[in-house]
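Trainee: Pasting a structure here, questions to come.
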Amino acid sequence: MAQLCGLRRGRALLALLGSLLLSGVLAADRERSIHDFCLASKVVGRCRASMPRWWYNVTDGSCQLFVYGGCDGNSNNYMSKEECLKKCAAVTGKTLLGRLAYRILPNTDVCVSAPRRQDSDDHSSDMFNYEEYCAAKAVTGPCRASFPRWYFDVERNSCNNFIYGGCRGNKNSYRSEEACMLRCFRESAPLLSSVVVLAGLFVMVLILFLGASMVYLIRVARRNQERALRTVWSSGDDKEQLVKNTYVL
């Protein structure tokens, strides 16, 4: 019985030592990966957006500002100077350049930590809002990239192309004309029908108003004409009036 208890205690101790060793290895790997991230050189990327970011310059031991193009970056790319210093302030060594930096740091595309892109064609998770997705004006945005996009023009009931700068766009932005038409063209029919109905009602009211105005003007003209005829004196009336005046005298 004592041997069985001792065996169980030994197994428990081995399991505890194994878990401690594994956690230590994972922590070391995590520290090594963070260390490697901070050694990488800055990567602007091939896209032409203009996003202010911070990278850790291990040679100077400081976080420096640079302009990120929007894609194909690495993990030495931070939204703020404080975040950069928090991750890399104690790291020392030599900067990894060129392909070596990419081998240690495969492209993680730092954009994943940025706000969700607004020009995506995948709108399935969003509650559809016609005003946002189809009636909004095309927005190029302040960035300087050059992405061909399509937007829906409610006045022409068609999709037109425009150039998207890469940031701060809106939801009326599609990668293809087909996606734009599929999303918005079928939704425009109720709007157009309501506009046609309102226009027809307006025309009918206008016609009724003009007709009533014409009838009123005709009646007024006839009344004025009748009054004018009543005040006209004939030659017989003049003679009768003169005879009456002589008789009175």
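Read the figures in this text as sums done on the coordinates, not as results from a lab. Given the structure is predicted, the values throughout are model-derived calculations rather than measurements. Note that each Cβ is placed from the backbone with ideal geometry, even for glycine, and that neighbours are counted across all protein chains shown.
Trainee: Pull out the extension gain between residue 225 and residue 205, defined as 0.36 nm times the separation in residues minus the alpha carbon to alpha carbon distance; nm, one decimal.
Mentor: Stretched fully, the residue 225-residue 205 segment lengthens by 4.2 nm.
Trainee: Where does each of 183, 222 land when they are ranked from fewest to most other beta-carbon atoms within 10 angstrom?
Mentor: 222, 183
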